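S.K.: Just passing along the structure, written as structure tokens.
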There are 2 protein chains.
Amino acid sequence: MLKDKNEQRTSLSELGEFGLINHLTKYFTINCESTEKAIGDDAAVLEFSGKQVLVTTDLLVEGVHFDLSYMPLKHLGYKAVMVNLSDVYAMNGTASQITVSMAVSNRFPLEALEELYAGIQLACKNYNIDLIGGDTTSSTKGMLLSITAIGEAEKKDVVYRNGAKPNDLLIVTGDLGSAYLGLQVLEREKQVFKVNPNSQPDLANYSYLVERQLKPEARKDIVKLLKDLEVKPTSMIDISDGLSSEILHICSQSEVGCNLYEEKIPLDPQMISTCEEFNIDSTTVALSGGEDYELLFTISQEDFPKIKGNPNFTVIGHMTDKTEGANLVTRANQKVELTAQGWNSLSND
Amino acid sequence: MLKDKNEQRTSLSELGEFGLINHLTKYFTINCESTEKAIGDDAAVLEFSGKQVLVTTDLLVEGVHFDLSYMPLKHLGYKAVMVNLSDVYAMNGTASQITVSMAVSNRFPLEALEELYAGIQLACKNYNIDLIGGDTTSSTKGMLLSITAIGEAEKKDVVYRNGAKPNDLLIVTGDLGSAYLGLQVLEREKQVFKVNPNSQPDLANYSYLVERQLKPEARKDIVKLLKDLEVKPTSMIDISDGLSSEILHICSQSEVGCNLYEEKIPLDPQMISTCEEFNIDSTTVALSGGEDYELLFTISQEDFPKIKGNPNFTVIGHMTDKTEGANLVTRANQKVELTAQGWNSLSND
């Protein structure tokens with residue numbers, strides 16, 4: 001579907017490991033005050049005077065988490081960083097550094113890795129992150145990326161999953177389910193392409209969905225906005241596995257229940273029309289789709305005036321006593337127990 | 001060669017990702033004061049009041065970095081942690097936390113991963129390290145481990161690779177080359193086993209070599225010893241790729257030359273006799289073998305009385321002006337330019 005038009009192919013073995021790292025990272029600059037020493041020694045050296053340090057890590061495997069037949073390498077690099085930054089922002093912190101480790105088979109020429117690192121570099125630039133280390137090695141099959149993100153926050157600002165209280169409002173940023181539908185559209189085009197390699201995919205009607213899948217943005221802006229509004233959430237989590245699963249994490253760690261209102265779940269119009277086209281239920285997709293990288297948080301009711309009417313936020317429910325359980329209140333006003341289906345339950349195979 | 005006698009096999013898919021992480025990490029305890037929150041939220045939260053933070057990461061791939069036909073999984077878990085801690089100690093710091101990410105194919109039952117995590121847990125216990133996060137995913141082939149280690153040091157104590165000065169002494173801990181020879185012995189036994197599966201390997205004559213390969217220890221003790229002796233190295237690096245390669249890193253980053261004396265390189269008697277048996281040159285193995293996880297450092301001459309006679313240290317040369325280059329002074333008193341062969345150049349294939 002997406003063909004590599006680049007005809008230059010430089011074998012990785014020509015460079016060796018050190019040559020490769022130097023080549024790929026030579027245009028990265030250092031932007032954060034907390035970075036004392038980045039790449040080039042046994043370990044990176046960071047300084048977070050008086051702040052707490054946040055650490056999160058994610059592993060992305062070709063054939064499991066991404067498919068290079070429709071995921072351009074530059075997008076993959078960008079997205080792999082976003083996945084990690086999103087976890088730092090979900091702690092109400094500022095992301096500052098990443099390490100990137102990569103295992104690649106020799107089917108990838110240098111030019112492919114340059115594309116990947118161009119995406120990583122763009123993410124670092126847009127989010128003011130420093131690349132401080134990593135490891136590069138060969139794999140017997142495919143590509144694997146392991147990224148660790150490091151961030152900082154004042155101790156008083158860190159938000160955990162376990163602070164939600166009954167009557168707190170449940171709020172989500174952005175809209176849900178589009179990334180999952182973007183994947184369905186790309187998978188469908190891939191099947192069409194297999195049957196007829198001359199077909200040209202027309203993705204114009206799905207541009208938002210495809211962008212949410214291929215180039216998600218982590219919600220750094222929300223952390224700043226909450227600070228500006230002087231709202232500290234009582235609990236927060238990022239939505240990587242689908243809304244249900246994340247709500248259940250907050251409920252279980254905070255020992256509360258919740259009522260989530262189906263009619264309040266924010267959906268994009270393109271997402272709704274594509275659900276109709278695919279004949280799948282939009283609520284199910286929002287609840288279980290995953291990969292949205294939005295933030296889900298709870299605030300105490302007295303903070304409601306501060307966020308009221310802000311287009312970044314949608315109040316989708318409220319927390320209850322633990323004994324009431326975690327429920328979806330449907331449009332027909334029926335209470336249904338929330339279950340974590342996760343991503344796989346929706347797959348077409 | 002090493003058969004899994006454990007007959008219980010629990011499929012990973014029975015547990016799911018969260019169940020698996022919970023199962024594998026439930027017996028890990030938190031030991032470090034700097035660990036505020038370990039596993040269980042979007043990110044771990046650490047607090048290093050006034051100290052600098054050290055971060056290093058390594059990726060180990062089955063079939064590239066380890067061979068499970070002779071590497072027991074518990075040893076693999078232990079070694080994977082050591083590889084990372086060694087980098088923290090090479091900065092003259094204290095290691096405090098690790099994240100462990102793992103991609104595994106479904107050929108591994110739960111019991112295999114329990115063994116792996118038992119090794120990781122033992123390493124954490126012996127070195128006073130907290131497991132604070134990670135990611136677990138399936139792979140299409142084999143096993144891959146990505147570990148990030150975090151440590152701390154007072155700013156004044158951090159030792160980089162770039163501080164060596166002409167006339168500084170070049171010092172190494174422990175002895176060199178044994179880990180590489182251990183690998184050669186294990187590879188030979190694997191070939192014998194392939195031809196005759198009933199043969200029982202007799203490794204008694206190679207016990208030290210095999211232990212250096214399968215269960216290396218990172219030199220936490222050296223960081224403490226240097227502190228007790230009130231010696232701050234002018235530069236330091238860990239020996240993971242072989243002595244030559246590491247000396248050249250110090251020379252290039254410190255902009256100095258060096259004379260390394262062949263006769264001074266510390267070798268274990270078992271290593272020497274096995275080199276004779278394999279008909280390979282022991283100096284070559286020490287220079288290029290790798291995986292020794294010893295520390296290589298430079299000190300100013302005035303610190304020499306403090307380390308003189310200490311059995312942990314061997315003075316193997318001295319730094320010179322950059323214009324003199326990096327040289328090996330052979331037993332025949334000839335100067336030969338040092339080159340970084342690295343690990344692969346020694347392989348038998």
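S.K.: Enumerate the amide H contacts of B:Leu328 below 5 Å, restricted to partners 5 or more residues apart or on another chain; note that Pro and chain-start residues carry no placed amide H.
M.R.: B:Leu260, B:Val336, B:Glu337, B:Leu338
S.K.: Would you please put B:39-45, A:274-280 in order of how densely packed they are, using the mean number of other Cβ atoms within 10 angstrom per residue and starting with the highest?
M.R.: Result, highest mean first: B:39-45, A:274-280.
S.K.: A follow-up question, please. If a paramagnetic tag sat 7 Å from the Cα of A:Arg188 along the Cα-Cβ line, which residues of the stretch A:263-287 would have the backbone N under 17 Å from that point?
M.R.: Residues passing the 17 Å test: A:268-286.
S.K.: On to the next question. By the gyration tensor of its Cα atoms, with a ≥ b ≥ c the square roots of the eigenvalues, what is the shape of the protein assembly as shown: rounded for a/c under 1.5, prolate for a/b over b/c, or oblate?
M.R.: Cα axes put the protein assembly as shown in the prolate bin.
S.K.: Still on this structure: Place a +1 charge on the Cβ of each Lys and Arg in the stretch A:169-346 and a -1 charge on the Cβ of each Asp and Glu, then give the dipole magnitude about the Cα centre in debye, rounded to the nearest 20.
M.R.: With only Lys, Arg, Asp and Glu charged at Cβ, the dipole is about 200 debye.
S.K.: Please give the net charge around B:Glu294, taking every other residue with its beta carbon less than 9 angstrom from that of B:Glu294, where Lys and Arg add +1 and Asp and Glu add -1.
M.R.: -2
S.K.: Using 0.36 nm times the number of residues separating B:Leu68 and B:Lys224, minus their current alpha carbon distance, what extension gain do you get?
M.R.: Value of the extension gain: 52.8 nm.
S.K.: Mind listing the phi-derived Karplus ³J(HN,Hα) values for the stretch B:55-67, rounded to whole Hz, using 6.51, -1.76 and 1.60 with θ = phi - 60°, and x for any glycine or proline?
M.R.: Coupling constants for the stretch B:55-67: 9, 8, 9, 9, 10, 10, 10, 4, x, 10, 9, 8, 10 Hz.
S.K.: If you don't mind, there's one more thing I want to ask. Would you mind listing the distances between the A:Thr323 label point and the same position in each other copy? Use 7 Å along Cα-to-C-beta, nm, one decimal, shortest first.
M.R.: In ascending order, 8.8 nm.
S.K.: Where a ≥ b ≥ c are the square roots of the eigenvalues of the C-alpha gyration tensor, would you call chain A rounded, which needs a/c under 1.5, or, failing that, prolate if a/b is larger than b/c, or oblate?
M.R.: Taking the square roots of the gyration eigenvalues as a ≥ b ≥ c, chain A is oblate.
S.K.: Let me ask something else. Would you mind checking the tilt of helix B:243-254 against the longest principal axis of the Cα atoms of chain B, expressed as 0 to 90 degrees and rounded to 10?
M.R.: Its long axis makes an angle of about 70 degrees.
S.K.: Here's something else I'd like to know. Average partner chain C-beta neighbours within 10 Å, per residue of B:131-143?
M.R.: Average neighbour count from other chains, rounded to a whole number: 5.
S.K.: Excluding B:Gly174 itself, what net charge comes from residues whose Cβ is under 10 Å from its Cβ, given Lys and Arg +1 and Asp and Glu -1?
M.R.: For residues surrounding B:Gly174, the net value is -3.
S.K.: Using only the alpha-carbon atoms, how far is helix B:16-25 inclined from the longest principal axis of chain B? Give it as 0 to 90 degrees, nearest 10.
M.R.: Roughly 60 degrees between the two axes.
S.K.: In what order do A:Phe66, B:Phe313 fall by count of nearby beta-carbon atoms within 10 Å, going from fewest to most?
M.R.: Fewest-to-most Cβ neighbours within 10 Å comes out as A:Phe66, B:Phe313.
S.K.: Could you list A:Met143, B:Met236, B:Met319 in order of exposure, starting from the residue whose Cβ has the fewest other Cβ atoms within 10 Å?
M.R.: Result, fewest neighbours first: A:Met143, B:Met319, B:Met236.
S.K.: Using the Cα centre of chain A as origin and beta-carbon charges of +1 (Lys, Arg) and -1 (Asp, Glu), tell me which of A:Leu248, A:Ile307, A:Tyr70 is placed farthest towards the positive end of the dipole.
M.R.: A:Ile307
S.K.: PRE reach from A:Lys322 (point 7 Å along Cα→Cβ): which of the stretch A:236-278 fall under 16 Å by backbone N?
M.R.: Residues A:248-258 fall inside that zone.
S.K.: Additional query: Out of the DSSP beta bridges found with both residues in the stretch A:12-157, what percent are antiparallel (nearest 5)?
M.R.: Antiparallel: roughly 70 percent of the beta bridges in the stretch A:12-157.
S.K.: Through the Karplus equation 6.51 cos²θ - 1.76 cosθ + 1.60, θ set to phi - 60°, convert the phi angles of the stretch B:135-142 into ³J(HN,Hα) values in whole Hz; use x for Gly and Pro.
M.R.: 3J(HN,Hα) across the stretch B:135-142, in whole Hz: 8, 10, 8, 8, 10, 7, 7, x.
S.K.: Express in nm, to one decimal, how much length is gained between B:Thr10 and B:Lys156 on full extension, taking 0.36 nm for each residue of separation and deducting their alpha carbon distance.
M.R.: Here the segment from B:Thr10 to B:Lys156 would lengthen by 47.6 nm.
S.K.: Collect residues whose amide H, placed 1.01 Å from N in the peptide plane, falls under 5 Å from the amide H of B:Ser96; neighbours closer than 5 in sequence don't count.
M.R.: Amide H to amide H, under 5 Å and 5 or more residues apart or across chains, B:Ser96 pairs with B:Ile150, B:Gly151, B:Glu152.
S.K.: Could I ask something else about it? Rounded to whole Hz and in sequence order, give me ³J(HN,Hα) for the stretch B:264-278 from the Karplus expression 6.51 cos²θ - 1.76 cosθ + 1.60, θ = phi - 60°, writing x for Gly and Pro.
M.R.: 8, 4, x, 10, 7, x, 5, 5, 5, 5, 6, 4, 4, 4, 7
S.K.: Sort A:Lys79, A:Lys308 by Cβ crowding within 10 Å, fewest neighbours at the top.
M.R.: A:Lys308, A:Lys79
S.K.: Same structure again: In degrees between 0 and 90, to the nearest 10, how far off the longest principal axis of chain A does helix A:178-195 point, with axes built from Cα atoms?
M.R.: 50 degrees
S.K.: As an exercise, use a Förster radius of 45 Å and the Cβ-Cβ distance of A:His23 and A:Thr330 to find the FRET efficiency, rounded to the nearest 0.05.
M.R.: It comes out at approximately 0.20.
S.K.: Using a Gaussian network model of chain A with C-alpha springs under 10 Å, which one of A:Asp202, A:Asp58, A:Asp241 is most mobile by mean-square fluctuation?
M.R.: A:Asp202
S.K.: What FRET efficiency comes out for B:Asp281 versus A:Asn279 if R0 is 51 angstrom and r is the Cβ-Cβ distance? Round to the nearest 0.05.
M.R.: The value I calculate is 0.10.
S.K.: Ok, one more. Would you work out if the stretch B:12-156 is rounded, prolate or oblate? Take a ≥ b ≥ c from the square roots of the eigenvalues of the alpha-carbon gyration tensor; rounded if a/c is under 1.5, else prolate when a/b is larger than b/c, oblate otherwise.
M.R.: In terms of gyration-tensor shape, prolate.
S.K.: Let me ask something additional. Distances from B:Glu17 to the same residue in each other copy, label points 7 Å out along Cα→Cβ, in nm, shortest first?
M.R.: 2.8
S.K.: Another question about this same structure. Using alpha carbons only, how many angstrom separate the centre of the stretch A:123-202 from the centre of the stretch B:194-269?
M.R.: One Cα centre to the other: 40 Å.
Any read-out appearing in this document is the output of simple, stated calculations on the displayed coordinates, not a laboratory observation. These figures come from a predicted structure and were not determined experimentally. Cβ sites come from the backbone with ideal geometry, for glycine too, and all protein chains shown count toward neighbours.
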